[in-house]
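Inspection log for the structure reproduced underneath, given as structure tokens.
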Amino acid sequence: MMTQELIRATIETLEMVTVSSLFSVLLGLPLGVLLVLSRPQGLRPRPALYRALDAIINVFRSLPFLVLMIMVFPLSRLITGRATGTTATIVPLAVAAIPFVARIMEQSLLEVDGGVLEAGLASGAKISQLVWTVLIPEALPALVNGVTITVINIIGNSAMAGAIGGGGLGDLAVRYGLYRREPVMLYTSVAVIIVLVQLVQWLGGYLERRLRRDGKVTASA
């Protein structure tokens, strides 16, 4: 019975983390690109837009996840039909991660050598072309590292969500460890979370190293 509960909780956690990570990257990366382009020193300066986006991102990043999750209950209920549970928890996980991803993407993209972008502009390339053919490819190793950090952060948030009905391994740890006083299930849930984090960290590090090595080989060629 406990094994079945553990498998079910692990699947729920993987579902929450995978879907929310996908949405956060799909929405956070374009937002990060917009921040880079619209900043006062960017390729398409829009200081007012940049200040507004910067302020909104800072506000959302300053909110503790459990507080944000409660605030987003109405949105979760609107989208999924309920406020708690595995599917509903995906909404606040994504909402919390999007500004986090946007900021990480912004910092990663800013690492790209400005001379490369200036050379592209001088050759007549459009800004949209520079974004897809120069900016993102040049920053790809750093972007992968940022996504790795994001996924690990989402795993942690998904565990916290279990304390207020979010499902997954966090919920399992709370129910068995706190309410039923069964330390074996508590520590097993924690061990699975640690394994998931280590796997994500290893995979992210491996991809980043491969991209940096391939980039050096291409540059030297």
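The values are calculated or read from the model by the stated rules, or taken from the named source; none is laboratory data. Values in this document were obtained by computation on a predicted structure and should not be read as measured data. Here Cβ is always computed from backbone atoms with ideal geometry, including for glycine, and neighbour counts include all displayed protein chains. Accessible surface areas use protein heavy atoms only, side chains included; no ligands, DNA or RNA. Shrake-Rupley method; radii C 1.70, N 1.55, O 1.52, S 1.80 Å.
Each residue, L49 and I164, gets one label point 7 Å from its Cα in the Cβ direction; the gap between the two is 3.4 nm. In this structure, R8 and V59 have a Cβ-Cβ separation that, at R0 = 35 Å, corresponds to a calculated FRET efficiency of about 0.45. Scaled to the globular estimate 2.2 N^0.38 Å, the Cα spread of the stretch 45-113, given as radius of gyration, is 1.33. Scalar couplings 3J(HN,Hα) for the stretch 8-20, obtained by applying the Karplus form with A = 6.51, B = -1.76, C = 1.60 to θ = phi - 60°, are 4, 5, 5, 4, 4, 4, 4, 5, 4, 5, 5, 5, 5 Hz; x denotes Gly and Pro.
Here the Karplus curve 6.51 cos²θ - 1.76 cosθ + 1.60, taken at θ = phi - 60°, turns the phi angles of the stretch 188-204 into couplings of 5, 4, 4, 4, 5, 4, 4, 4, 4, 4, 5, 5, 5, 5, 5, 5, x Hz, with x standing for Gly and Pro. Computed with every protein chain present, the accessible area of M160 is close to 80 Å² [probe 1.4 Å]. Using a ≥ b ≥ c from the Cα gyration tensor of the stretch 123-221 (square roots of the eigenvalues), is it rounded, prolate or oblate, where a/c under 1.5 gives rounded and otherwise the larger of a/b and b/c decides, a/b for prolate? The shape class here is oblate. Taking log10 I(q)/I(0) by the Debye sum over Cα atoms at q = 0.16, 0.18 Å⁻¹ as calculated from this structure, the corresponding entry among (1) -1.29, -1.63; (2) -1.22, -1.48; (3) -1.07, -1.23 is (3).
Compute the length gained on full extension between R210 and K126: take 0.36 nm times their separation in residues and subtract their Cα-Cα distance, giving the result in nm to one decimal.
27.3 nm
Computed from label points 7 Å out along Cα-Cβ, the spacing between I194 and I149 is 2.4 nm. Tally up the carbon and sulfur contribution to the accessible surface of the stretch 1-41 as a whole percent, 1.4 Å probe, everything protein left in place. Whole-percent figure for carbon plus sulfur exposure: 76. Rounded to the nearest 20 debye, the dipole size of the chain about its Cα centre is 220 debye, using +1 on the Cβ of Lys and Arg and -1 on the Cβ of Asp and Glu. Normalised per residue, the accessible area of the chain is 54 Å², obtained with a 1.4 Å probe and no contribution from ligands, DNA or RNA.
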